[in-house]
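Colleague: I am attaching a structure below and will ask some questions about it afterwards.
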Amino acid sequence: MEVVLIRHTSVDVPAGVCYGRTDVPLKAGFEEEAARTKHELQALGAFEHVFSSPLSRCLRLAAYCGFPHPQQDNRLLELDFGDWEMKSFDEITDSRLQAWFDDYLHVAPTNGEAFSDQIRRVGDFLDELKEKDYGRVAVFAHGGVLLSAQIHVGALTIEKAFESITPYGGIISITI
């Protein structure tokens, strides 16, 4: 079964700021970026089902691409940075920060989640899609979700994942 994963467009957040679960605004160039994504997505054909993260940056792109009412699923949310949300890495004084940098796979930000947690919940979502055989599916989500999905199906290794981040508005396809 084919799953087409679409990353939201560029966010209006300064570089170096943790914004995982926070519902942040999109950059002023949304329409231009979204038009490219819509064009590429239309060239891929029809979908039997469309899913989205419940955050507005994903829902807005889904609507622009012709899917105003995708099925929302919390398992498609970006990584939860907990107490670090909307703080720049430079201003985080949490003693866990270095441990997280050393092992983001297993160490969670304070009151947040580790990358392994995200991989598990995205994997659970994909396993459910396969079990229910939804047909060809489009998923509007976040960079970390797209990485987690690729890791789950064996298209990327955890060690190489962050070398392969899908650009804003980018589209990738996986088979489950």
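The values are calculated or read from the model by the stated rules, or taken from the named source; none is laboratory data. Because the structure is predicted, anything quoted here is derived from the model rather than measured. All Cβ positions, glycine included, derive from the backbone under ideal geometry; neighbour counts span all protein chains shown. All accessible areas refer to the heavy atoms of the entire protein, side chains included, with ligands and DNA or RNA removed. Shrake-Rupley method; radii C 1.70, N 1.55, O 1.52, S 1.80 Å.
Colleague: Which count do you get for residues in the range 161-176 that are more than 15 Å from Ser148 (Cβ to Cβ) and either open to solvent by less than 40 Å² (accessible area, probe 1.4 Å) or touching a helix residue (DSSP H, G or I) at 6+ places or on another chain (Cβ under 6 Å) (or both)?
Modeller: The number of residues fulfilling the criteria is 3.
Colleague: Would you mind stating whether Thr9 is surrounded by fewer than 19 Cβ atoms within 10 Å (Cβ to Cβ) and outside any helix (DSSP H, G or I)?
Modeller: no
Colleague: Additional query: If you take just the helices (runs of 4 or more DSSP H) that sit entirely in the range 25-121, which of them hold at least 3 residues that are in contact (Cβ under 8 Å) with a residue 40 or more places away in the chain and touching a Gly at 6+ places or on another chain (Cβ under 8 Å)? Before the answer, list the steps.
Modeller: On the way: elements: 30-43, 56-64, 96-102.
Answer list for the range 25-121: 30-43.
Colleague: Can I ask one more? Return a yes/no flag: does the range 31-43 have any residue that is within 23 Å of Glu113 (Cβ to Cβ) and either surrounded by 18 or more Cβ atoms within 10 Å (Cβ to Cβ) or under 16 Å from the mean Cα position of the chain (by Cα) (or both). Spell out how you get there, then give the answer.
Modeller: Of the residues in the range 31-43, the ones within 23 Å of Glu113 (Cβ to Cβ) are none.
Scanning the range 31-43, I find no residue that is within 23 Å of Glu113 (Cβ to Cβ) and either surrounded by 18 or more Cβ atoms within 10 Å (Cβ to Cβ) or under 16 Å from the mean Cα position of the chain (by Cα) (or both), so the answer is no.
Colleague: Could I ask something else about it? Name the single residue, out of those in the range 130-160 being among the β-branched types (Val, Ile, Thr) and assigned to a helix (DSSP H, G or I), that is surrounded by the most Cβ atoms within 10 Å (Cβ to Cβ).
Modeller: In the first step, residues of the range 130-160 are kept if they are among the β-branched types (Val, Ile, Thr); the result is 137, 139, 145, 151, 153, 157-158.
Then keep just the ones that are assigned to a helix (DSSP H, G or I); that gives 145, 151.
Working: Val145: 27, Ile151: 20.
Per the criteria, the residue is Val145.
Colleague: Limited to the range 12-24, what total is found for residues that are in contact with a helix residue (DSSP H, G or I) (Cβ under 8 Å, 6 or more places away or on another chain) and open to solvent by 30 Å² or more (accessible area, probe 1.4 Å)?
Modeller: The total comes to 2.
Residue by residue, here is whether (1) closer than 19 Å to Cys58 by Cα; (2) more than 14 Å from the chain's Cα centre (by Cα) holds:
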site	(1), (2)
Val137	yes, yes
Gly144	yes, no
His152	no, no
Leu156	no, yes
Lys160	no, yes
Tyr168	yes, no
Ile171	yes, no
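Colleague: Also, I was wondering about something else. Can you name the residue in the range 113-129 that is open to solvent by less than 10 Å² (accessible area, probe 1.4 Å) and more than 12 Å from Phe81 (Cβ to Cβ) and is also farthest from the chain's Cα centre (by Cα) among such residues?
Modeller: Only one residue fits best here, namely Leu129.
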